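Read through the structure below, which is laid out as structure tokens, and then see the notes.
Just so you know, all these numbers are worked out from the coordinates, no wet-lab data involved. As the structure is a prediction and not an experimental result, all values here were calculated from the model. With ideal geometry, Cβ positions are generated from the backbone for all residues, glycine too; neighbour counts draw on all protein chains shown.
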Amino acid sequence: MTEKKRTQQLGVRIPESLEPVYSNLIKISHADDEVTLTFLHKIPETSLAQGRAIVTITPQHAKRLLRALSANLKRYEATYGEIKLPEDGGAREESSHVEVA
């Protein structure tokens with residue numbers, strides 16, 4: 001008889017000092033053993049962007065994140081409709097994008 005793996009609920013503590021951030025620009029860079037996401041807020045009608053957070057993860061975690069984002073966006077679009085991007089003929093949103101370094 002095989003024993004089923006039990007998924008443990010992860011207890012998460014979020015300190016009161018941790019503030020949410022808004023980012024409309026993400027720069028992605030990588031080395032052989034890590035992927036770094038730099039979250040920025042581009043100020044509209046300027047050429048300025050302010051750093052908000054830097055998150056470094058393993059390539060394996062990045063792949064899991066990609067899968068999780070893909071699954072969540074499919075559910076989002078099933079509920080709210082297709083997300084249109086400017087390059088796909090959708091609404092122009094000049095300040096929101098992702099850059100790969």
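Placing pseudo-labels 7 Å out from each Cα toward the beta carbon at SER17 and SER29 gives an inter-label distance of 2.7 nm. Would you please classify the overall shape of the range 25-81 from the alpha carbon gyration tensor, given that a ≥ b ≥ c denote the square roots of the eigenvalues, rounded means a/c under 1.5, and beyond that prolate means a/b larger than b/c while oblate covers the rest? Cα axes put the range 25-81 in the oblate bin. Listed values for the range 33-43 are Karplus-derived 3J(HN,Hα) couplings in whole Hz (6.51 cos²θ - 1.76 cosθ + 1.60, θ = phi - 60°), namely 10, 7, 10, 10, 10, 9, 8, 10, 10, 7, 7, and x replaces Gly and Pro. For LYS42, the residues whose modelled amide H falls within less than 5 Å of its own, excluding neighbours fewer than 5 places apart on the same chain, are ASN24, LEU25, GLN50.
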